[in-house]
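**Q** Below: one structure in structure tokens.
Since every read-out is calculated from the coordinates, none of them should be taken as a lab result. Since the model is a prediction, treat every value here as computed from it, not as a measurement. When we count neighbours, we look across all protein chains shown, and the Cβ atoms used for this are built from the backbone with ideal geometry, even at glycine.
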Amino acid sequence: MPAAGPEGLAAVRARAVGRGRPDGDEEGGGPRAGRDGYTAGKEEAADVHCGGWAGWLVLRALMALLLLALAKSVMKESGTTSVKMGVEGLGEADNGYVVRLQLANHHGCPKEPLRVEEGMGVGKTALVTGAAGLLGSHVSRFLAEYLGMRVVGVDNMSSGMEKNVLEHHNFQFHRGDFGDKRLLEKLFQENRIDVVYHTSEFASDVLSHFTRTFTYSTNLSKSVALLNAAITGQVKSFVYLSASAVYGDAAPPFHELAEPRPNDPYGISKYAFELDLKAAARMFGLEYTIFRAGHLYGPHQNIGDRFHSVVGVFTRHVRNNETITIFGDGRQSRTFTYVKDVVEALSSAPLFVESRNQIFNLGGGEVHTMVSLAQEVGRAFGRVPKLDLTPQSKLKEEAENTVDVGKMNCFFGTAARTPLKDGLAELAQWLEEEQPDIHPHEPTELDISEGLPAEWLQGSVMARRGSDALGAWREVP
Ligand SMILES: NC(=O)c1ccc[n+]([C@@H]2O[C@H](COP(=O)([O-])OP(=O)(O)OC[C@H]3O[C@@H](n4cnc5c(N)ncnc54)[C@H](O)[C@@H]3O)[C@@H](O)[C@H]2O)c1
């Protein structure tokens, strides 16, 4: 197995690139912009300054030499035992995804460079659930374009958007439910699936108290159907997008070794599936990598989703010139991470021997209070946001919900580095340019209405649909 670490990541990319650079390679032409502009800026600039292909190649070679030299000096340092938090370094993938070199040790860090699993990556097939969603679409793209993998994407479009569906010769898309056994059977019969990336579940912590049936049925029962198919189909590796909600009442900043204490059905469902995945790994030898994500945002995000992602909710309100309601005094803090900063770590994890059967926190962006987040969102749209604080609200949110991402940084040599204001500007620009099909996404069943904020039901499909538990809410238009 070849040595990896920061160099290994470069090797993985180099192999993918060797098969053909993202965008433009198929036709054999010069560099051109990817649909989301991952490659455009730098490559077009290289053409102008260095004179087309030859200049581009020279520039690439120089960049590779520089990265190699840096990686070597880094690897020398990484043998020390000091626990130094934080990551410095440099390096950037040519498609806008962040690649950072490891310059610090962290408890739990591998002492040696990561080893790339021989035969993984280029030419292998990945099944990505939620392929039209925020994470699934970026992962699909990274795998297909950058790692040279074949990707089978599945999405039921409940919150996914057509604009996010990748167009690439390495990618095929299936509209459907990831828990649909017949669809899974067909996909596994037609494809030799090597890796599953499960990035689609219903994500809403507070609402999940009122939608327990839907939450457990989607996040647990359907995920188990997917896991069964993966085991039967002899999948090598299963990458699961869990959530920092599994930590619940644990003390922040959450470390992977902290005992999970989820305090809402969403967090419970995520933790339960983590346990089930581990049991499957022990019993059937399936490998897994679990990522516990928290507050990712950026282009490809459906801001119409009313119950998931505070960045999306605030963005929608600011864009529509509506008042933002903040539960509590607005001083609760969260970490907000730009999605492209973590896509490489997430996508390339199963390619490394050392990340087998590991749990990683995924995140590491800026920490903001709800009020300062609202102000930043306002700034991205050139507006002063209208805020309605509800200190008396019965809905309790943790005062702090931050995670320790040292392990992710030192394993993958990546670090979230995009300032919130820049990431929000990217989101605003993408919304403006792409005009995606923003639509609400709601659970199909509401179990309990007591204590549910009235504004959540206004115009809600759940309320119109009605159920015995809804009582008076049934009349809400
Ligand atoms: N984005 C975050 O901040 C965050 C934080 C913690 C955890 N996560 C987890 O990451 C995963 C992806 O989150 P995201 O932000 O990309 O969400 P997203 O809503 O943008 O994407 C999820 C995708 O899954 C699809 N989907 C939902 N149910 C489906 C089903 N039954 N069958 C097929 N497709 C289905 C949706 O249409 C959507 O395209 C989720 O499991 C979520 O719990 C995300």
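**Q** Kindly identify the range 369-424 as rounded, prolate or oblate by the Cα gyration tensor criterion: order the square roots of the eigenvalues as a ≥ b ≥ c, call it rounded if a/c is under 1.5, otherwise compare a/b with b/c, prolate if a/b is larger, else oblate.
**A** oblate
**Q** Show me 419-428, 288-297, 194-203, 241-250 ranked by packing, highest mean number of other Cβ atoms within 10 Å first.
**A** 194-203, 288-297, 241-250, 419-428
**Q** Another question, if that's okay. Residues with amide H under 5 Å of ARG306's amide H, sequence separation 5 or more or different chain, H placed in the peptide plane at 1.01 Å from N; which?
**A** Excluding prolines and chain starts, which carry no amide H, the hits are HIS441.
**Q** Using 0.36 nm per residue of separation minus the Cα-Cα distance, give me the extension gain between GLU118 and GLU445 in nm, one decimal.
**A** My answer for the length gained is 113.2 nm.
**Q** Set the Förster distance to 30 Å, then compute FRET efficiency between GLU322 and ASP249 from the Cβ-Cβ distance, nearest 0.05.
**A** The formula returns an efficiency of 0.35 here.
**Q** Using 7 Å Cα-to-Cβ label points, what is the LYS181/LEU389 separation (nm, one decimal)?
**A** Spacing of the two 7 Å Cα→Cβ label points: 5.3 nm.
**Q** Fewest first, what order do CYS410, CYS109 take by the number of other Cβ atoms within 10 Å?
**A** CYS109, CYS410
**Q** Whole-Hz Karplus ³J(HN,Hα) for the range 335-348, in order, using 6.51 cos²θ - 1.76 cosθ + 1.60 and θ = phi - 60°, x for Gly and Pro?
**A** Using θ = phi - 60°, the values come out as 9, 10, 10, 6, 4, 5, 5, 10, 5, 5, 4, 4, 6, 8 Hz.
**Q** Would you mind getting me the FRET efficiency between ALA279 and GLN189? Use the beta-carbon distance for r and R0 = 25 Å, nearest 0.05.
**A** 0.45
**Q** On to the next question. Can you sort SER140, SER223 from fewest to most other Cβ atoms within 10 Å of each residue's own Cβ?
**A** Ranked by crowding around the Cβ, least crowded first: SER223, SER140.
**Q** Something else: Once the other residues with Cβ under 14 Å from the Cβ of LEU187 are scored (Lys, Arg +1; Asp, Glu -1), what is the net sum?
**A** Net charge around LEU187: 0.
**Q** Moving on to the next point. Run the numbers for LYS111 and ALA399: contour at 0.36 nm per residue of separation, minus the present Cα-Cα distance, in nm.
**A** 100.1 nm
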